[in-house]
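**Q** I have a structure here, written as structure tokens, and I will follow up with some questions on it.
Any read-out appearing in this document is the output of simple, stated calculations on the displayed coordinates, not a laboratory observation. Values in this document were obtained by computation on a predicted structure and should not be read as measured data. Cβ placement follows ideal geometry from the backbone for every residue including glycine, while neighbour counts extend to all protein chains displayed.
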Amino acid sequence: MIVAGLLEAQLVHCRTGSGTLPVHLLRYDLAHFHVAAFAQAGVAYPPAMDRCVPKRQAEYLFGRLAARRALADNGWPDAQVGTGPQREPLWPPGALGAITHTDVWAAATVVRAGHLRGVGIDVEGALRPDAIASTEHCAMQPHELAVLRGQATMPYPLALAAAFSAKETIYKALFPAVGRYFGFEAVRIDALDVAQGELHFTAMETLCPDWRAGHRDCVHVALLDPHTVMTSFAW
């Protein structure tokens, strides 16, 4: 399949505390993307895309392409992934999944619903200097910033990106059970173990009957390249 802008596609397996997640990972080049890629990839083109810049169109296209490949692996070869009222992906009945994208990477994972309540993945690049202060303010508490600054293994802009990514991943994994928006303060980052690829956290709010305040767990962290992290979580 030739898709304008697609450079590389691979299937990787990301660790979680509940086993590994199969993740379809795509690398793309925005400079070579064209809206014709939707038809080439067999991804439905939402009318709202007419109002979007090419960067947003490419993110949507490659995220949905990764999702279609993940769905096909699980027995949904022709499924399309819509968008819900809170911008959440709408998966076929019986599927649990998550999508993530940057301006270089897109990825998706899908599993059949069963013993898992939710899955989450997220990819983030190291934060630019002009984005650090706003991310610290909107997504982190002072204790969490001290944790990230206190480790010397990972550069701080990448460690901050990993913590932000972990909270995004947790949100995606919990949303099917919670069914509503909740903020970054709902979980607290307690430790970042770069050697083990683990970011430990504590739930600060009871969000649903199966997710109580005080619950402790960890998100797994992996490097896609020296400046990009991928986080994964399942429960």
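**Q** In a solvent-free Debye calculation with one equal scatterer on each Cα, what is log10 I(q)/I(0) for the stretch 177-219 at q = 0.21, 0.23 Å⁻¹, listed in the order of the q values?
**A** -0.68, -0.78
**Q** Scanning the chain for trypsin sites (Lys or Arg not before Pro) in DSSP loops with at most 13 other Cβ atoms within 10 Å, what's the longest stretch left with none?
**A** Details: sites that count: Arg87, Arg180, Arg212.
Here the longest segment lacking exposed loop sites spans 88-179.
**Q** Next question. Does the stretch 139-217 come out rounded, prolate or oblate by the C-alpha gyration tensor, with a ≥ b ≥ c the root eigenvalues, rounded set by a/c under 1.5 and, if not, prolate when a/b is larger than b/c and oblate if not?
**A** Numbers: a/c = 2.09, a/b = 2.01, b/c = 1.04.
In terms of gyration-tensor shape, prolate.
**Q** Same structure again: For the stretch 113-124, in order, what is each residue's ³J(HN,Hα) by Karplus, 6.51 cos²θ - 1.76 cosθ + 1.60 with θ = phi - 60°, in whole Hz (x at glycine and Pro)?
**A** 4, x, 7, 9, 8, x, 9, x, 9, 7, 10, 9
**Q** Follow-up. Only Cα pairs within less than 10 Å get springs; with that Gaussian network setup on the chain, which residue of Gly125, Gly94, Gly179 has the largest fluctuation?
**A** In the Gaussian network model the winner is Gly94.
**Q** For Met154, Met204, what ranking results if the residue with the fewest other Cβ atoms within 10 Å of its Cβ goes first?
**A** On the way: Met154 18, Met204 15.
Arranged by neighbour count, lowest to highest, Met154, Met204 become Met204, Met154.
**Q** Related question: Among Cys218, Cys208, Cys14, Cys138, which comes first, then next, by fewest other beta-carbon atoms within 10 Å? Can you show the working numbers first?
**A** Working: Cys218 20, Cys208 13, Cys14 23, Cys138 10.
By the 10 Å Cβ count, ascending: Cys138, Cys208, Cys218, Cys14.
**Q** Starting from the Cα gyration tensor of the chain, multiply each eigenvalue by 5, take the square root, and state the resulting semi-axes largest first in whole Å. Could you put the intermediate results ahead of the total?
**A** On the way: eigenvalues 161, 88, 52 Å².
Ellipsoid half-lengths, sorted descending, are 28, 21, 16 Å.
**Q** Calculate one ³J(HN,Hα) per residue across the stretch 82-96 by plugging θ = phi - 60° into the Karplus curve 6.51 cos²θ - 1.76 cosθ + 1.60, and present them in order as whole Hz with x for glycine and proline.
**A** x, 10, x, x, 10, 6, 7, x, 9, 8, x, x, x, 10, 10
**Q** Something else about it: Reported to two decimal places, what Rg/Rh ratio describes the stretch 45-115 when computed on Cα atoms with Rh from the Kirkwood expression? Before the final figure, lay out the partial values.
**A** Details: Rg = 12.3 Å, Rh = 12.6 Å.
Rg/Rh: 0.97.
**Q** Expressed as a rounded percentage, what relative contact order does the stretch 122-234 have, with Cα pairs under 8 Å and six or more residues apart?
**A** Details: 183 pairs, mean separation 33.8, N = 113.
Relative contact order here is 30 percent.
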